[in-house]
Amino acid sequence: MKMNSFFKIAVVGLLFSATSFYSQNNAKFRVVLDAGHGGNDFGAVYHGYVEKNNALNVALKVGRILEADALTQVIYTRKTDVFIPLDERANIANKAKADIFVSIHCNANKNTVASGTETYVMGVTRNASNLEVAKKENEVVTMEKDYKIKYDGYDPNSPESVIGMTVVQEEFLDQSIELAAGIQEGFENDLGRKSRGVKQAGFLVLRKNYMPRVLIEMGFVSNKEEGAYLSSDEGQEKIASAIAKAILDYKKEYFVPGTEEYVPETPKVNEVKTTPIDTPKVKDTKSVSVTSNIIFKVQISASSKKMELIPSNFNGLSGVSIEEGAIHKYYFGSTSNYEQSKRDLEEAKAKGYSSAFIVAYKNGQKITIQEALR
């Protein structure tokens, strides 16, 4: 994915958490699709175009495409016009041990000429326009009882609340940026849509999700022409196709099938019902031999800060290497043995790098894990 061409956010050093619900042992690639707003929360409404309807329609269309893939399981935060609290959306994703969380929205602006798509990753920003988008999407919390207690005193009218949210703001940031960049690339290159880039802001719906997560603003319903496109069946199909393609490309890049299956709990009143998908038998990777020109490494972090490669900078891990760029990527271990790389991954996680993951290279070029194991 062409991350750098869409990378328009300022990234500081990574914060690490020893606790994470993220799993890389899922039998299927679990995608949580979150249709923004719903029920008595209409979202943005302009010219008769309603955000909650567009978000739900596109989410369902994305889901139908993904469900055609035998190794993908889709979980919805809502499949009907119901109100789901922001923290419950995160709970659904965490309970499912989802591999990614994708929240779908429409943008709006008093300047009705504003247009274009943008995809957000979680983080703290002082950029005025990013703060305004986050404030607008976060205002829904006022519909929830005791929201100031549930969201740690959050005040939707205070920019300081958005800036000062207590979050592991850069957990899974690198993978979130990759996913967001792929989505924006599809919007721009495949659909010819105006791209406003990948951005960073403090969205409550993303703050407690323990997996790579993004929030998509598909376009502006406040813009008459763009609003008509977002509300049309043809426009929604094209948008859904671009989002689904980016998700499947991301899956191809990062996902290695494991053995853990997910069967959703019996839904409660107003809770989303999902249908489990049959899981095919997964090839035992322990028996796979890998040729010597394949190298596996464990990516432990990504940061704009360049650090000296000494154990004290990496929680005691020795033998850390760096791939320099706009975002410096740090790797632990280097081996042609996949089983050894899995042991390296466990060691990195034991040192606190809970979002670490394995990457593969062939003759110095990055390839997917699936290609490496083949």
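The values are calculated or read from the model by the stated rules, or taken from the named source; none is laboratory data. Note that the structure is predicted; figures quoted are calculated from it, not measured. Please note: Cβ atoms are built from the backbone with ideal geometry, for glycine as well, and neighbour counts cover all protein chains shown. Only protein heavy atoms, including side chains, enter the accessible area calculation; ligands, DNA and RNA are left aside. Shrake-Rupley method; radii C 1.70, N 1.55, O 1.52, S 1.80 Å.
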Query - Contour minus Cα-Cα distance for Ser334 and Ala68 (0.36 nm per residue) - result: 92.2 nm
Query raised in the report: What accessible area per residue, rounded to a whole number of Å², is obtained for region 301-361 using a probe radius of 1.4 Å?
Result: 44
Query raised in the report: Using a ≥ b ≥ c from the Cα gyration tensor of region 320-374 (square roots of the eigenvalues), is it rounded, prolate or oblate, where a/c under 1.5 gives rounded and otherwise the larger of a/b and b/c decides, a/b for prolate?
Result: oblate
Query raised in the report: Full extension from Asn25 to Tyr361: what is 0.36 nm times the residue separation minus their Cα-Cα distance, to one decimal in nm?
Result: 118.8 nm
Query - Solvent-accessible ranking of Leu86, Leu248, largest area first, probe 1.4 Å - result: Leu248, Leu86
Query - Peptide ranges 294-300, 331-337, 116-122, 314-320 listed from the most packed, as the mean C-beta count within 10 angstrom indicates - result: 116-122, 294-300, 331-337, 314-320
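Let's test the formula: R0 of 41 Å, r as the Cβ-Cβ distance of Asp190 and Asn40. What FRET efficiency results, to the nearest 0.05?
So, using R0 = 41 Å, E works out to roughly 0.70.
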Query raised in the report: For Phe83 and His47, what does the FRET efficiency come to when R0 = 25 Å and r is the distance between their Cβ atoms, rounded to the nearest 0.05?
Result: 0.60
Report task. Return the distance in nm (one decimal) between the two label points of a simple spin-label model at Glu308 and Ser241, each offset 7 Å from Cα along Cα→Cβ. Result -> 5.4
Query - Pair-distance profile P(r), taking every C-alpha pair of region 176-225, with 10 angstrom steps and integer % - result: 22, 48, 26, 3
Requested in this report: Could you work out how far the C-alpha centroid of region 25-59 sits from that of region 209-261, in angstrom?
Outcome: 10
